[in-house]
1. Would a scan of the stretch A:174-185 turn up a residue that is acidic (Asp, Glu), in contact with a strand residue (DSSP E or B) (Cβ under 7 Å, 6 or more places away or on another chain) and more than 16 Å from DNA strand B (Cβ to nearest atom)?
2. Take A:Ala79 and tell me if it is at pLDDT below 95 and small (Gly, Ala, Ser).
3. Name the one entry in A:Ser219, A:Ser244, A:Ser269, A:Ser232 that is touching a Phe, Trp or Tyr at 6+ places or on another chain (Cβ under 6 Å) and within 16 Å of DNA strand B (Cβ to nearest atom).
4. Can you report the number of residues in the stretch A:247-260 which are polar (S, T, N, Q) and within 12 Å of DNA strand B (Cβ to nearest atom)?
5. Identify all residues within the stretch A:198-212 that are within 16 Å of DNA strand B (Cβ to nearest atom) and closer than 13 Å to A:Trp172 by Cβ; write none if there are none.
6. Please identify the pairs in which a residue from the stretch A:192-203 that is in contact (Cβ under 8 Å) with a residue 24 or more places away in the chain has its Cβ atom under 7 Å from the Cβ atom of a residue that is surrounded by 13 or more Cβ atoms within 10 Å (Cβ to Cβ) and among the small types (Gly, Ala, Ser), counting only partners at least 6 apart or on another chain.
7. Counting just the residues of the stretch A:244-293 that are among the β-branched types (Val, Ile, Thr) and out of contact with any Gly (no Cβ under 8 Å at 6 or more places or on another chain), which one comes out farthest from A:Ser219 (Cα to Cα)?
8. Filter the stretch A:275-289 down to the residues that are touching a residue at least 24 places away in the same chain (Cβ under 8 Å) and within 6 Å of DNA strand C (Cβ to nearest atom) and list them by number.
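The values are calculated or read from the model by the stated rules, or taken from the named source; none is laboratory data. Remember, it's a predicted structure, so these values are computed and weren't measured experimentally. Counting neighbours? That spans all protein chains shown, and the Cβs are built from the backbone with ideal geometry, glycine included.
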Amino acid sequence: MNALAKIDSSPIDVTPDGSDYETVRRVIEMITLDYRDQPSLEAIASELGQSPTQLQKVFTRWAGLSPKAFLQAVTLDHAKRLLGKEELPLLEASYELGLSGPGRLHDLFVTHEAMSPGEWKARGGGLTIRYGFHSSPFGQALVMATDRGLSGLAFADLGCEQAALDDMMRRWPNAEYVPDQEMTAPYVGRVFDRANWSCDQPLKVVLIGTDFQVRVWQSLLKIPFGKAVTYSDVANDIGQPTASRAVGAAVGANPISFVVPCHRALGKSGALTGYHWGLTRKRAILGWEAGNA
DNA sequence: GGTTGTCCTTTAA
DNA sequence: TTAAAGGACAACC
């Protein structure tokens, strides 16, 4: 608790555009709330008490897209395009690159290791997890790491940090948690700045979950930037074509959001079906990827 | 759009 | 080991 207080008083703003997210979030909410009568830029701007040009600037800086283009990028139509016709071969193709050894999983270049079932059963017992809050392009980011690598990444809107922390701590109740912003800070720059995505220094992540969950997450890691798959695609990929619904549950339990790109999993129709940290954020991330492709 | 069918994981006896 | 509950689904009114 006092840990939180300390965090609040000394936020580390690693990403300069982090504060833009609050504006962007509200724009997205407005757009999707009444998408039928597409509000004009002027209408949105006045609602937020900003000038249209100012809003345009913030938006473009954040997304790499104008509000209008962003709007396009978040439509059902565009989602279907992400799914594409050739998404299955794509999965197959990257398959052999996959699980053995440090490969090019994820454009972020991730090496991962999974916890053993025994470690999972211990519910994090014997594990020391260091954590810290940092601002990110998608709101406050809660970063968690063990000495073996990144183990958790969660999001929270301003003022809701405690809820996110509770949520994450509930997953591994027996672990020991130590607030340590200095230790977690470097991950933020590493993860959210594409310039730092390279294979020279693969990002180490630790997947803590059941066997099934880990298989699902590994499958997600193979989805390239700017692409998307359906839940049934993932089910196919792990060799259990009828388990799409269980896949959904596993995707939802993903502890390292963004890095494990659970936002690139869509319903078969291309509809965004759900997101643990809020649908708005899923839209934001997808739109951001469209603008930073 | 809502509603139902199905099937697999999880969790708790 | 078994049983019950329930899903970020998908298909079908």
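1. So the first thing to find is which residues in the stretch A:174-185 are acidic (Asp, Glu), and the list is A:176, A:180, A:182.
Next cut, in contact with a strand residue (DSSP E or B) (Cβ under 7 Å, 6 or more places away or on another chain) only: A:176, A:180.
From what is left, the residues that are more than 16 Å from DNA strand B (Cβ to nearest atom) are A:176, A:180.
Looking for residues that are acidic (Asp, Glu), in contact with a strand residue (DSSP E or B) (Cβ under 7 Å, 6 or more places away or on another chain) and more than 16 Å from DNA strand B (Cβ to nearest atom), one finds at least one in the stretch A:174-185, hence yes.
2. Numbers: at pLDDT below 95: yes; small (Gly, Ala, Ser): yes.
In short, yes.
3. Details: A:Ser219 fails: touching a Phe, Trp or Tyr at 6+ places or on another chain (Cβ under 6 Å); A:Ser269 fails: touching a Phe, Trp or Tyr at 6+ places or on another chain (Cβ under 6 Å); A:Ser232 fails: touching a Phe, Trp or Tyr at 6+ places or on another chain (Cβ under 6 Å).
The match here is A:Ser244.
4. Initially, the stretch A:247-260 is screened for residues polar (S, T, N, Q), giving A:254, A:257.
Then drop every residue that is not within 12 Å of DNA strand B (Cβ to nearest atom), which leaves A:254.
Total meeting the criteria: 1.
5. Start the filter on the stretch A:198-212 by keeping residues that are within 16 Å of DNA strand B (Cβ to nearest atom), which leaves A:207-212.
Within the stretch A:198-212, A:Leu207, A:Ile208, A:Gly209, A:Thr210 meet the criteria.
6. A:Phe192/A:Ser136
7. Looking only at the stretch A:244-293, we keep the residues that are among the β-branched types (Val, Ile, Thr), and these are A:247, A:251, A:256, A:259-260, A:273, A:280, A:285.
Then drop every residue that is not out of contact with any Gly (no Cβ under 8 Å at 6 or more places or on another chain), which leaves A:247, A:251, A:259-260, A:280, A:285.
On the way: A:Val247: 11, A:Val251: 10, A:Val259: 13, A:Val260: 9, A:Thr280: 24, A:Ile285: 19 Å.
The extreme case among them is A:Thr280.
8. Passing the criteria: only A:His276.
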